[in-house]
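The values are calculated or read from the model by the stated rules, or taken from the named source; none is laboratory data. These numbers were taken from a predicted model, which means no experiment stands behind them. Heads up, the Cβs are rebuilt from the backbone with ideal geometry, glycines too, and the neighbour counts pull from every protein chain shown. Note: accessible area is taken over every heavy atom of the protein model, side chains too, but ligands, DNA and RNA are not part of it. Shrake-Rupley method; radii C 1.70, N 1.55, O 1.52, S 1.80 Å.
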Amino acid sequence: MKVKELADLVGISVRTLHHYDAIGLLKPDQVNEAGYRIYSAENVAQLQQILFFRELDFPLAHIKSIVNDPGFDRLKALEQHRERLLCKQRRLAVLLQTLDRTLLDAKGEIKMSDAEKFKGFDFSQNPYEAEARQRWGDEAVDASQARVATLQKAGKMEAFQAEMNALYTHLATLRQGDPASAEAQQAIAQWYALLSQVGSYSPEVFKGLGQMYVDDARFTQNIDQFGDGLAVFMRDAMAIYADALGAQ
């Protein structure tokens, strides 16, 4: 089908499909002699997959890297989407109940306790966890969470976070220089060692993490609080370090 037909079918704009094509996220299987995009049944299935990721708040850059990965398993991804949407559904159902009871409380028809007013709110979820599980698998994420829990139980998490912020601050002082310099690479080696306390990072994964610092606006915003351009500098320095580490 043509781009307008697909847009109408899905309920999105033609501009959105043009954008997906431009960034290499969803390219039509054909472009006819008149220059019209022609989308196949496989393209339709790909678009559905993309929109499932979007429903779970995945950034477009992450979706692109996931679906273009040669190891991408569509069936497994669909099963994971289903589980996450069910979790979201259950949480929203509780929030709706809380909202309904809050309306009755506001009208004076019932009296809610303070605890009841916050039923359904959950701030324990890591906003990056879904992407991490999709990219690196449940086993790696579960192992990382277990290490974090160990640090918390030992009362070391505050010190870990303080060390992380101090290293961000130090890297920010180097960001105008060469990411391949000895000083920059020494700092990135410390960054690698620090992250290895809570996760297992192969050179490839470490390099990919650095790229995420730039591709994902949430990462960029958090990191660049320590200095504009720090995310890009860290990406470049991490890539150099990872390539050297992989060559050993």
Conditions: (1) surrounded by fewer than 19 Cβ atoms within 10 Å (Cβ to Cβ); (2) more than 17 Å from the chain's Cα centre (by Cα); (3) among the hydrophobic types (A, V, I, L, M, F, W, C). Val205 meets all but one. Number of the miss? (2)
Quick count over segment 64-108, residues being touching a Lys or Arg at 6+ places or on another chain (Cβ under 7 Å) and assigned to a loop (DSSP other than H, G, I, E, B), is 0
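Just to check your reading of the model, which residue among Asp69, Asp57, Asp73 is touching a residue at least 12 places away in the same chain (Cβ under 8 Å) and among the acidic types (Asp, Glu)? Working first, answer last.
Working: Asp69 fails: touching a residue at least 12 places away in the same chain (Cβ under 8 Å); Asp73 fails: touching a residue at least 12 places away in the same chain (Cβ under 8 Å).
Step by step, each of Asp69, Asp57, Asp73 is checked, and only Asp57 is touching a residue at least 12 places away in the same chain (Cβ under 8 Å) and among the acidic types (Asp, Glu).
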Can you name every one of the helices (runs of 4 or more DSSP H) wholly within segment 136-244 that holds 2 or more residues which are closer than 23 Å to Leu60 by Cα, of a type in the set (S, T, N, Q) and without any contact (Cβ under 8 Å) to a residue 12 or more places away in the chain? 217-223
Take segment 4-59 and flag every residue that is farther than 30 Å from Leu86 by Cβ and buried (at least 18 other Cβ atoms within 10 Å of the Cβ). Pro28, Arg37
Can you list residue pairs whose Cβ atoms sit under 6 Å apart, with the first residue in segment 18-43 being in contact (Cβ under 8 Å) with a residue 12 or more places away in the chain and the second being open to solvent by 90 Å² or more (accessible area, probe 1.4 Å) and in a loop (DSSP other than H, G, I, E, B)? Count only pairs 6 or more apart in sequence or on different chains. Asp21/Lys27; Ser40/Asp29; Asn43/Asp29
